[in-house]
Structures are given as C-alpha cells and as structure tokens.
Amino acid sequence: MWISTLNILNYRNIREASLEFSPKLNCFVGLNGQGKTNVLDAIYLLSFAKSAFTSQDSLNITHGEEMAMVQGKYETNDQMVNGFTISCGLRKGVKKQFRRDKKDYPRLIDHIGLIPLVMISPSDQQLIDEGSDERRRFMDVVISQLDRKYLDCLTRYSALLKQRNALLKQLADKFSSPSMGEQEGAALLEVLEWQMVEPAEYIFHARTQFFETFQPYFEDVYRRIAGSESQEIPESQEIPVLRYISQLQDRDLRDAYVRTRQRDLILGWTSQGIHKDDLEMRLGDYPLKQVGSQGQQRTFVLAMKLAQALYIGKPILLLDDIFDRLDSERVERIVEMVQGDEFGQIFITDTDREHLTEIVKPSASAKIFHVENGVIQ
C-alpha cells in the first residue's frame, strides 16, 4: 500500500499543498524549521488519526486560521483491493472529522491498522533516555497495527487500571489505617482485578509472540547497519542485546494482585501488571544508556525501528532527519537497505540535497521536493 497524492490545507506551517508521490522513494530537502517534518506528520496523521507530536489537535492548525484539512489517496498492489481516500478535518473547538471515502468512522480506533506506517525521527532517542512507558509504546504501536483484539485489550486494561488506581487512592485517603481501607474496598478491588486479568494475559502473550519474531529482525538489521558481513557479530564490534521483561513471566497476575493489595493501598497505585513491562537494552553486558556512544545508541534505535517495519511487512516508512550522529558508511548502508525490495514506500527528509543525491540510487524511482517556509516544490 502506498499514498499517491496528498492535499494539505492550513496544517501547521503548510498553508496549501497538493503533492503527487513516487510509490517507492520521496525526499524532502530544506533547512531546519521550513516544514519538512510537517509533511511527514500529515502522512502520519492519516495512518493514526493523530499527530506524531501533539495530542491537542488545535495546535496543528496554522496560526490565525480556524480549520485545517489533510487528505490522502491510497493505492494497493492487490487487484482484489480497491484504493481509497482518507481525510481528516480539524476545526477549533470542534471534534475532528475523520473519514474513509467520505464516510465517518464510528470509532477512530477502527481505523488503526488500515494503513501500516513506521516513523523514525530524532525523538526515538526517548526509547533509551526515557522510562519504560516509551518502550511499551514501541511494542504497542506495531502490534496494534496488526492485531485489533490487542488494541481493544489495551484500551480495556488502561481504563480498568485507571479505575483501580483511583479506588486505591480513594481508600488510602478515606481511612487512616491501610488495613481498614483494604477491608472496606476488597470487594470492589476484586471485581476490577478479575476484569483486568483477561486483557492483561492477552497483551502479555501478544508481546511475547511479537518479541520472539521481532528479535531476529532486530539482530539482522543491526548487523547490516554496523557493517558485519557474517551471520554473527565479531567480538570486535558491539553486541546488541534486546530483551522483553514482564512480571507475568514468573507470576500469576490474579494472585499477585491479592498479595500486593496492602502495599498498593499504601502506595496509592497498582504495582503489578503489564503496565510495568519493559524492554532491556544493552551493549554486551552493560546498559546501552550508560556505555553506548551517540552513534551506537542511534544505530540501536534505528535497528529497532527498521526491524519494526520488516516485522509489519512493507509499511509506509517515514525517515525524518535520521542521518545526524551517524558516520557516512552507516548512512549509506541504511539508505541502500530501505531502497531494497524488503521495504515499501519511503519518505526521507534532509537538509543537504547534494548529500541526499549522492546516497540515493540513481536508478531508483525517486521524487525530490524542496521545502521553504511551508511552500513545497
């Protein structure tokens, strides 16, 4: 699947644009702050029904305007599946309008997965620098695009977790004795816990299966970016380690809730569950965050995101300013890799046209756009 045309009106600093894309490679060149990333964000919006950078829709409307519109036409290589048009209308103070072929979605969640997409940007450094929320989101984004039940379970679990935390806080505030609070609220807590177990177990098994399949993709992509020709990474090179960690790997969640109620009442939040899952990131025996250079960290994250694209299977791939902090050899390997048959339609942003022209295959079907102050040519 690929996007053939994109129409933008008053989206961020892009007042108006009508673009036709190559089904393989599209490059946006311009200085920083001119609007290259905003084009990619408009494409992201049509896949996920939200911006990659803000949850407040009104912030995506051009300053001084009351509304914005983004519309994309999508084509498929499957003769049995027709192309379609996705449009998103934003208006200040009004719920956004999201449509497929002029028909509103009953729920925006029903759209997720129709247009698989992976975005790689400098903000992916948060996978290393920030807490486990970012790494769980990494798993959730890819699995949700392929498994509708997973997304439903994730939504249910999040809502129930919020209710349990609110009840724990309410009981802790109401009773001076934690044990008394637990006794009074035990029935309500038990009801919530029984409801949480089913979606939690589905999410855990889905993440486990995802990681088992994803791990070989990650190791292979890292090896290719790092420049190892053999199937095993030489001892002289960094050895990446990525491991899925979950409390459910060694305990029954229902029993864990019962055992930790007393502590949870004191804490005022739920200490057990899949919301504590994480991805451990290491180079050899040491934490990546502590020992990895900027280049090593960037390579690690890029390998995760490109492996994510391979796992999904030729999604639209957005590469936003990915060449920073990488040596020229690794940049060339990445560009050569994504132009191969393993990947589908690609969008790349860069500040240097000569640099981009040098590393893009001359024979590739490519379009290059120049972006200046929100104007795209």
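Structure notes:
- With contacts taken as Cα pairs under 8 Å at a separation of at least 6 residues, region 315-375 carries a relative contact order of 43 percent.
- Net charge dipole size for region 126-313 [Lys, Arg +1 and Asp, Glu -1 on Cβ; Debye, nearest 20]: 480 debye
- Assigned charges on the beta-carbon of Lys, Arg, Asp, Glu; the chain dipole about Cα centre (debye): 1360 debye
- With a simple spin-label model that places each label point 7 Å from the Cα along the Cα-to-Cβ direction, the separation between Gln56 and Leu31 comes to 2.8 nm.
- Alpha-carbon centroid distance for the pair region 97-174 / region 1-33, whole angstrom: 26 Å
- For the chain, the calculated P(r) over all alpha carbon pairs, in 20 Å bins from 0 to the bin holding the longest distance, is 25, 52, 21, 1 percent.
- Sorting the segments 242-251, 93-102, 193-202 by their mean number of nearby beta carbons within 10 angstrom, highest to lowest, gives 193-202, 242-251, 93-102.
- In region 126-313, taking the dipole from charged Cβ atoms about the Cα centre, the farthest positive-side position among Leu171, Phe138, Val241 is held by Leu171.
- Counting neighbouring beta carbons within 10 Å and listing from fewest to most, the residues His63, His355 come out as His63, His355.
- Its Cα centre serving as origin, region 265-377 has a Cβ charge dipole (Lys and Arg +1, Asp and Glu -1) of approximately 320 debye.
- Note on region 126-313: Cα convex hull, mean projected area over all directions, 11.9 nm².
- Estimated from the Cβ-Cβ distance and a Förster radius of 30 angstrom, the FRET efficiency linking Asp341 and Ile239 is about 0.60.
- Near Arg91: Cβ cut-off under 11 Å, other residues only, Lys/Arg at +1 and Asp/Glu at -1. The net charge is 0.
- In plain terms, the chain from Asp252 to Ser365 could stretch by 35.4 nm, reckoned as 0.36 nm per residue minus the Cα-Cα distance.
- Extents of region 225-356, taken as max minus min of Cα coordinates on every principal axis and listed largest first, are 63, 35, 27 Å.
Values in this text are rule-based calculations from the coordinates and carry no lab data. These figures come from a predicted structure and were not determined experimentally. Positions of Cβ are generated from backbone atoms using ideal geometry, with glycine treated the same way; all protein chains shown enter the neighbour counts.
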